[in-house]
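Just below is one structure, and these are the notes that go with it.
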Amino acid sequence: MAEAHERRTRAGHGDDSIYWDKSKNRYIGAVSLGYTPSGERKRAKVSGKTKTEVRNKLRELKKELAQGAKTPANYSVAQAVHDWLAQGLKGREETSVDTYKSLAESHIIPSLGKAKLRSLEADDLDEWLEAKAEVLATQSLRMVHSILRRSISHAQRRGKAMRNVAELVDVPEGRPGRPSKSLTLEQGEAVLRAEEDSWIHAYVVLSILVGVRPEEARPLTWKHVHLPESGRAKPHVDVWRSVRRHGDTKTRKSRRSLAMPRQAALVLETHKAREQADCQTAGNEWTEERLVFPTETGELRSASSVRHHFRKLLKEAGFDNPKQWTPRELRTSFVSLLSDHGIPIEVIARLVGHSGSGTTERVYRKQLRPVISEGAEAMDDIFGDGEEKTEN
């Protein structure tokens, strides 16, 4: 019997072949797919415990081949996801790629990675999504589903999948996401007094009093910060860049020039003098192209570094749970404080660069932009203009 198993069925050119694989203890069926450009023979294979099972699988495989899809029998979900991560994200922002990888490695591959793509069913995905809905917020749940759907689409375009089963399922509601918080006036005052004479203090002052996004503050250079010494009538900051791909802001309407409250201008003036002194001490040449909030080596500071120092500042300010706060909530605090002060929402939309405002001006780099001053004036009213601090 063993000899019968080991003896392969002789097949003519282009025919299917079925043979016993002793190492796998299974029958193997193979279909010839021609040859690669290098001359190597290409064969699609299936396996089964009996010849009948293998013949049935070969029949299904040939149907797929007739429709133009050469789905490998052992091509797994993990392989599809890894292929998409490696080949389908060219040109994307590094932060986005890292997010996709983290979600895939945490929520897709451990649960579905070993499943064969050709045998994946909608019921499998429904069960997977329902389980993930217990631990993921709705937005994250939609993202992991999107990663799987796009991975299978990538496999389809390369002839490794016949259908995209991820398109056949609906994404359930996940856990409620963590709502954004805003600082109260009392908390805001405490934050503005903490870690004075440090870069993170200057960063927080600019964020909470001017309302720039974290991604806009990190790449900010001194060329775009206009202090009283610059000879301009109003100290202001040009929010024209971000850490996004190509340095663009979130939208075109996010490019704006914002007047700084007196307190912000004074703090940034002190911070600039400190940076210039450090530069001179290190024997480096000072230029206006230098970053406002660089690392110790002058490089762009990472989001995690900002978050770490921000939470240390909150601890000094007396917050009980600093880890519950993120730097982006300085911006929501800016909006909330202005709204509480009676500033119209249309004005706030202009200040924060929301694309939904019809009054937001389209501005571009290297162009003279009108300075939006309503926010600076309101912040001087809310927190004072900084003169008292200067006298002290």
Scanning segment 116-126 for residues that are surrounded by 17 or more Cβ atoms within 10 Å (Cβ to Cβ) and hydrophobic (A, V, I, L, M, F, W, C) gives 117, 120, 125
Among helices (runs of 4 or more DSSP H) lying entirely in segment 144-235, which contain 3 or more residues that are within 17 Å of residue 336 (Cα to Cα)?
185-193, 199-210
Conditions (1) in a helix (DSSP H, G or I); (2) surrounded by 15 or more Cβ atoms within 10 Å (Cβ to Cβ); (3) at pLDDT 90 or above; (4) within 29 Å of the chain's Cα centre (by Cα): number failed by residue 275:
(4)
Output the number of the condition that residue 285 fails; it satisfies all remaining conditions of (1) free of Cβ contacts under 8 Å to residues at least 24 places away in the same chain; (2) touching a strand residue (DSSP E or B) at 6+ places or on another chain (Cβ under 7 Å).
(2)
Among the residues of segment 80-96, how many are assigned to a helix (DSSP H, G or I), modelled with pLDDT under 85 and either among the β-branched types (Val, Ile, Thr) or surrounded by fewer than 12 Cβ atoms within 10 Å (Cβ to Cβ) (or both)?
2
Can you tell me which residues in segment 295-315 are buried (at least 18 other Cβ atoms within 10 Å of the Cβ) and part of a helix (DSSP H, G or I)?
306, 309, 310, 311, 313, 314
Restricting attention to segment 65-79, report how many residues are at pLDDT below 75 and under 30 Å from residue 105 (Cα atoms).
5
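The values are calculated or read from the model by the stated rules, or taken from the named source; none is laboratory data. Just so it is clear, the structure is predicted and the values come from calculations on it, not from any experiment. Quick reminder, even Gly has a Cβ in these numbers, built from the backbone with ideal geometry, and neighbours come from all protein chains shown.
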